[in-house]
């Protein structure tokens, strides 16, 4: 995500850091590079001009005359103004006080609209809502079947009546939601290959018949300025309440996500970061700004870790590690937790100073699947006593998992090395604090867990990261206490 523009900004800021003091000359040179980077990322020209004017107004003046550390000065100003351009966080959905909340989803074909409907329904269901999906995309034959499959996967009903036109179908879907005591209705409307009068007329008619509480436009982040033009057209006709930007896990340049709020004046509500149904996140402008500038996103990293690891199981694992009882079953559970967090390359991109260095690295993530297949081919005894697995057992495990005896040997070696390393760490909390922030790790070091241990830097070394994490933990603690109070 944003690899190219993040690399450009990292290079620009590094040049500032090596220039001694901030002067008007090197500021102008740096801002020219910033302008070039934004335009290459397909950011709207008008947005770039407004952004640079704001940065220049803040950077030039008394602070320049006094002379300051240029790197930190410019980074902070660019960071703050980038957040301002993308707008404040506004992902909350204002639910209706009575009756179902109707959410109309519009967009072009190929933007990921139908999948996003499923993702949003899943998210709302996890929040305790009872959503209903309405399959009203009658232009794409597979859209109805696709939505029914998605609904089945997440346990959300899908409403569809053959033979009806889309506006009537949506109106009946809302009525059905009221009768079925559903509190949210998500309307999956038809898309086109491009904005046309027929598309706009149909969506406008659906909007008039259903009077939705929220109207969201689904935009493909990889379409750049075309996304902005489409957003303008839809907003002029429907008066959007927000935008959902999809495919941020692809090779996107970032122009659409920077330009949208400034050009149409509507907030980005959510972002899609993958094909899986859990890959929909609330949009956080501050976190997105850090990713675009190559500064990582530690809060999202922490959230992914907390979502993937059960706290009770983590405490049990900590006790097993302290007692040196960590076995292959525990190892397999940790592999599954890592996979639930997402791809390794995406996770590295969230760590400050690490992601850009690994962007060109070809990390073989199939090793996780091979390891799990091999552990799955072992008996319970073998998982608890891996040091007793002899050559005969290795052959049987390799045959059962479709691997080789060398693969089994590599797994055992990796596991024993990790177990030895954990024994030396002593405490699971201490191990978490020793996560690397070392941009110079090689692929060979990555293959060896001990590569992480010599003089590790703190993951949250930056003060602003530490402050953000502190606030996040306080807010999480407050929500837990509130939830506990509500249960009483």
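The values are calculated or read from the model by the stated rules, or taken from the named source; none is laboratory data. Owing to the predicted nature of the structure, the values given are computational and were not obtained by experimental measurement. Cβ coordinates were reconstructed from backbone atoms using ideal geometry, including for glycine residues, and neighbour counts include every protein chain displayed.
The table below lists the values:
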| quantity | calculated |
| --- | --- |
| Leading residue by the ranking (farthest from residue 174 (Cα to Cα)) among those in the range 124-155 that are in contact (Cβ under 8 Å) with a residue 60 or more places away in the chain and touching a helix residue (DSSP H, G or I) at 6+ places or on another chain (Cβ under 8 Å) | 153 |
| Residue in the range 406-420 that is surrounded by the fewest Cβ atoms within 10 Å (Cβ to Cβ), counting only those that are free of Cβ contacts under 8 Å to residues at least 24 places away in the same chain and closer than 13 Å to residue 370 by Cβ | 406 |
| Test: residue in the range 172-183 that is at pLDDT 95 or above and in a strand (DSSP E or B) | no |
| Qualifying residue in the range 238-249 (condition: surrounded by fewer than 16 Cβ atoms within 10 Å (Cβ to Cβ) and either out of contact with any strand residue (DSSP E or B) (no Cβ under 8 Å at 6 or more places or on another chain) or at pLDDT 90 or above (or both)) | no |
| Test: residue in the range 87-105 that is modelled with pLDDT under 90, more than 25 Å from residue 223 (Cα to Cα) and in a helix (DSSP H, G or I) | no |
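Yes or no, residue by residue, for (1) surrounded by 20 or more Cβ atoms within 10 Å (Cβ to Cβ); (2) more than 30 Å from residue 262 (Cα to Cα); (3) in contact (Cβ under 8 Å) with a residue 12 or more places away in the chain:
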| residue | (1), (2), (3) |
| --- | --- |
| 169 | yes, yes, yes |
| 175 | no, yes, no |
| 219 | yes, no, yes |
| 230 | yes, no, yes |
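Yes/no per residue for (1) at pLDDT below 90; (2) over 16 Å from the mean Cα position of the chain (by Cα); (3) within 26 Å of residue 174 (Cα to Cα); (4) not in a strand (DSSP E or B):
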residue	(1), (2), (3), (4)
227	yes, yes, no, yes
252	yes, no, no, yes
260	yes, yes, no, yes
270	no, no, yes, no
275	yes, no, no, yes
